[in-house]
Amino acid sequence: MRARNQEGQIAHKGPNWVLRVYEDRVQDGKTVRVRVPHILCRFSDHPLKGTEKDLQFLREKFSDKIACLLNPVNKEHAIKTGAITLGVFIEQSYWSRCTFRVNTPAGNELHMEPSTVEGYRDIYKRHIQPAAVAKMKLADFIPRDGQRFIESLDQNLSHQTHMRIKNFLSGVFSWAIVEGAFRHANPMNEVKAGGRTKGKIYLNGLAASEKIRKQKIAASNEHAYTVGEIAEMLDKLPEPARTVCALSAFTGLSRSELWGLQWKDYDGEKIDVRRKIVNNVVGAPKTEAREDSLYVVPMIRELLAQYKKDFPQIGEGWVFRGVKGGPLNLDNLSRRDIPQHINGAWFGWHAFRRGLGTRLNEAGVDHKTIQSILRHADVSTSMAYYVQPDRTAGERGLRKLSDVLQRKYKIKV
């Protein structure tokens, strides 16, 4: 096996110009190295003499085709010799795997959302590609390298961001193991993620505008709309923002599900969630649990009936449609038509789901029912992220305990 990447040899063979490439073939039960010709074009298309200048012309003319022929061969060579770097493996193999999974139909365990791959690409571009870790040989990577890399990241980034980076690399190495490019246990398994813990915002050294932006993001990530805030929206927002927010508040539909809602999904009593829209791409619901039907309370039924009269169904029947009949961009709606009407008290679409979970919990609804309404696959997700703690309830409980201690045990203060 050659010690370097192949460039291939261009030659005139029979009626064609070909690219000769060395490949491994099994003959008589043994792996042998043979030179295989791949057709580039017919000789009659370019009847050249075969001088060095002619061959260079053909190499440039068919550069894309030559790259397609050589990339798999050179990748396999790099894997076998242990020469491939982490960055090259991600670019040559992992992204191809992601593309395959995106193209796998939704509902299959292999399916991956396009938005997930976009997030992975952002992680790679921001944190991995510029770092020394991208140039490390994949085969030599050990847990210590993963830990040092995670610790080299900006520790003012959130712990969740550190976890996303770690999990991305864990996925890369899982695929490398399957591909045979890495022959050890996943080195990211033992890596401890750092980053700031939830609730702590580091603003030192930031410009005033950036401080405000970070504070708003932090607030949006935790806020659960109160009944009072929802009432103010229903009182002050213009259409279609008013009905969009009301529907989200009383059903728990997410932004992407609201965006993809069509009138045929609503039978007058319940909504069947059949699609979502993320970054203008229509796809299947996030999970099987999210496909469950949603009960619509009478008040919201009346609101939807009036809304349909004011905005009659056209085209594909999007419930919330733009001026051209396509689905209404809810990101634009939240920027242009909501904050100014409610004195800037806008914390994003997900705060409706957190608000619904929190209000149901305060009303004494059992946890499994809350899980069902929010359509989570696991009840722990509902309770950990969608039910905000009631601090006043905690204070009331402590005062009650204090009263019992003083009354029953005659404790004096």
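Set the bar at 22 Å for Cα to Cα. Now go through K65/K137; K236/K308; K236/K309 and name every pair that lies beyond it.
Over 22 Å Cα-Cα: K65/K137.
From the phi angles alone, apply the Karplus equation (6.51, -1.76, 1.60; θ = phi - 60°) to the stretch 284-292 and give each ³J(HN,Hα) in whole Hz, x where the residue is Gly or Pro.
The phi angles translate into 6, x, 4, 9, 5, 5, 6, 8, 5 Hz.
Whose amide H sits under 5 Å from the amide H of L157, counting only residues 5 or more places off or on another chain, with H placed in the peptide plane?
Here the answer is R196, since their amide H atoms fall under 5 Å of that of L157.
Estimate the FRET efficiency between V117 and H159 by the formula 1/(1 + (r/R0)^6), using the beta-carbon distance for r and 25 Å for R0, to the nearest 0.05.
0.60
Over all pairs of distinct alpha carbons, what does the Kirkwood formula give as the hydrodynamic radius of the stretch 232-280, in Å?
The Cα-based Kirkwood calculation yields 11.5 Å.
Please give me the summed charge of the neighbours of D337: other residues whose Cβ is under 14 Å from its Cβ, Lys and Arg +1, Asp and Glu -1.
Neighbourhood net charge equals +2.
Hey, can you find the accessible area per residue of the stretch 253-365 for me, probe 1.4 Å, expressed in square angstrom?
Per-residue value: 51 Å².
Name the aspartates and glutamates eligible as straight-distance cross-link partners of K270: C-alpha to C-alpha under 14 Å, and not fewer than 8 places from it in the same chain.
Correct list for K270: E291, D292, E302.
Enumerate the amide H contacts of H38 below 5 Å, restricted to partners 5 or more residues apart or on another chain; note that Pro and chain-start residues carry no placed amide H.
Residues meeting the amide H criterion: L19, R20, V21.
Compute the FRET efficiency between A345 and D366 as 1/(1 + (r/R0)^6), taking r as their Cβ-Cβ distance and R0 = 35 Å, and round to the nearest 0.05.
0.70
Please report the spacing between the Cα centers of the stretch 116-142 and the stretch 1-62 in Å, no decimals.
That distance is 34 Å.
The values are calculated or read from the model by the stated rules, or taken from the named source; none is laboratory data. Just so you know, these numbers come straight off a predicted model, no measurement behind them. Heads up, the Cβs are rebuilt from the backbone with ideal geometry, glycines too, and the neighbour counts pull from every protein chain shown. Areas reflect the complete protein model, heavy atoms only, side chains present, ligands, DNA and RNA absent. Shrake-Rupley method; radii C 1.70, N 1.55, O 1.52, S 1.80 Å.
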